[in-house]
1. Considering (1) at pLDDT 90 or above; (2) exposed (fewer than 14 other Cβ atoms within 10 Å of the Cβ), say which one residue 314 fails and leave the rest.
2. Of the residues that sit in segment 110-155 and are of a type in the set (Asp, Glu) and in a loop (DSSP other than H, G, I, E, B), which one is farthest from the chain's Cα centre (by Cα)?
3. Only one of 21, 85 is hydrophobic (A, V, I, L, M, F, W, C) and modelled with pLDDT under 95. Can you tell me which?
4. Could you tell me how many of the residues in segment 12-45 are surrounded by 14 or more Cβ atoms within 10 Å (Cβ to Cβ), touching a Ser or Thr at 6+ places or on another chain (Cβ under 6 Å) and farther than 17 Å from residue 179 by Cα?
5. Is it the case, given these coordinates, that residue 238 is at pLDDT 90 or above, loosely packed, with under 14 Cβ neighbours inside 10 Å and of a type outside the set (Lys, Arg)?
6. From the list 199, 181, pick out the single residue that is basic (Lys, Arg), modelled with pLDDT under 90, part of a helix (DSSP H, G or I) and surrounded by fewer than 21 Cβ atoms within 10 Å (Cβ to Cβ).
7. The conditions are (1) farther than 21 Å from residue 169 by Cα; (2) touching a Gly at 6+ places or on another chain (Cβ under 9 Å), and residue 230 fails exactly one of them. Which is it?
8. Would you pick out the residues in segment 230-286 that are part of a loop (DSSP other than H, G, I, E, B), within 20 Å of the chain's Cα centre (by Cα) and of a type in the set (Ser, Thr, Tyr)?
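The values are calculated or read from the model by the stated rules, or taken from the named source; none is laboratory data. Everything numeric in this text was worked out from a predicted model, so none of it was measured. Cβ sites come from the backbone with ideal geometry, for glycine too, and all protein chains shown count toward neighbours.
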Amino acid sequence: MIVDEGTNPFEVGVATELFGLPRPELDVQGPLYEVTLCTPGRGVRMNHGFFTLTGVPGLEAADEADTLVVPGRPDNVVPRGADVLDAIRRTHARGARVISFCTGSFALAEAGLLDGRRATTHWMWADVFRELHPQVLLEPDVLFVDEGDVLTAAGSAAALDLGLHVWRRDHGAELAAAVSRRLVFAAHRDGGQRQFVERPVPEVPDESLGPLLAWAQQRLGEPLTVADLAARAAVSPATLHRRFRSQLGTTPLAWLTGERVALACRLIERGEERLDVVAARSGLGTAANLRARLRRETGLSPSDYRRRFGPRSPLPPSPLLATPLLPSP
């Protein structure tokens with residue numbers, strides 16, 4: 001992780017929490033990630049001078065990284081140092097994965113990694129980003145963008161969403177869900193969800209989707225439809241759609257499908273080899289639909305997913321097979 005002058009401490013903490021801490025609760029052999037910080041000087045002052053980071057390696061440490069994390073900083077109109085940009089370019093050129101958190105995408109754009117590619121950044125900086133980097137295909141209204149070897153997250157909290165997405169991509173849905181439980185964070189928010197939702201103070205009693213989501217997550221294997229969700233919430237499908245858009249930034253059908261795919265992934269990781277059983281228990285219906293949905297969400301066929309992610313060392317029984325951790329309404 002490159003920590004540049006003026007870096008926001010929060011994003012540094014997110015990367016450290018996600019990838020740098022031991023995970024004894026996972027019951028797997030050895031560390032799944034090892035994190036090294038590096039800086040362009042002997043001492044780097046963090047944002048607002050909260051503290052100075054010293055005693056860490058120089059930028060040459062990035063030359064050994066499999067993944068490079070670039071956190072954000074608030075002074076995005078000030079160009080990054082040539083040494084920082086060179087380190088980012090070198091790391092990417094030799095095939096390493098590069099990830100930005102929040103406005104770290106400005107550094108990736110300055111380094112030329114985002115030319116002609118999709119990316120996101122904090123919504124407050126979207127107009128400035130477009131002005132400075134018109135060659136980037138900016139998507140300002142999503143949580144994160146995964147372009148394979150280059151990934152960008154929006155605002156600070158979206159760094160957690162992208163970090164858990166990386167866990168899922170590297171180690172499967174089951175371990176990512178275990179990490180999310182440790183963080184007391186939403187187990188899965190799709191990158192396409194909106195990063196910021198303007199919402200006035202409600203003038204009616206609580207309309208939180210939390211109880212409805214919990215109810216639906218207990219019944220993913222049943223033939224639930226959007227109409228069933230609306231009936232459970234005692235509202236019309238149109239009203240339910242507006243509430244999902246307002247509170248979650250997605251549609252009821254997209255949310256339901258995403259939850260079913262996540263459950264199918266966990267079932268495969270836990271050793272279920274019969275695709276018709278996985279499809280039925282996850283609510284995806286048929287093996288053909290399971291194959292199509294899994295490939296769309298993960299880029300892998302069920303057999304490829306099984307070879308990559310499971311079964312693995314046994315984990316404690318997961319409550320996420322019944323009731324995943326819900327995002328705050």
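1. With respect to (1) at pLDDT 90 or above; (2) exposed (fewer than 14 other Cβ atoms within 10 Å of the Cβ), residue 314 is out only on (1).
2. If we take residues in segment 110-155 being of a type in the set (Asp, Glu) and in a loop (DSSP other than H, G, I, E, B), then 115 is farthest from the chain's Cα centre (by Cα).
3. 21
4. Of the residues in segment 12-45, 1 are surrounded by 14 or more Cβ atoms within 10 Å (Cβ to Cβ), touching a Ser or Thr at 6+ places or on another chain (Cβ under 6 Å) and farther than 17 Å from residue 179 by Cα.
5. Spelling it out, residue 238 is indeed at pLDDT 90 or above, loosely packed, with under 14 Cβ neighbours inside 10 Å and of a type outside the set (Lys, Arg).
6. Among 199, 181, only 181 is basic (Lys, Arg), modelled with pLDDT under 90, part of a helix (DSSP H, G or I) and surrounded by fewer than 21 Cβ atoms within 10 Å (Cβ to Cβ).
7. Of (1) farther than 21 Å from residue 169 by Cα; (2) touching a Gly at 6+ places or on another chain (Cβ under 9 Å), only one is false for residue 230: (2).
8. Residues satisfying the conditions are 250, 251.
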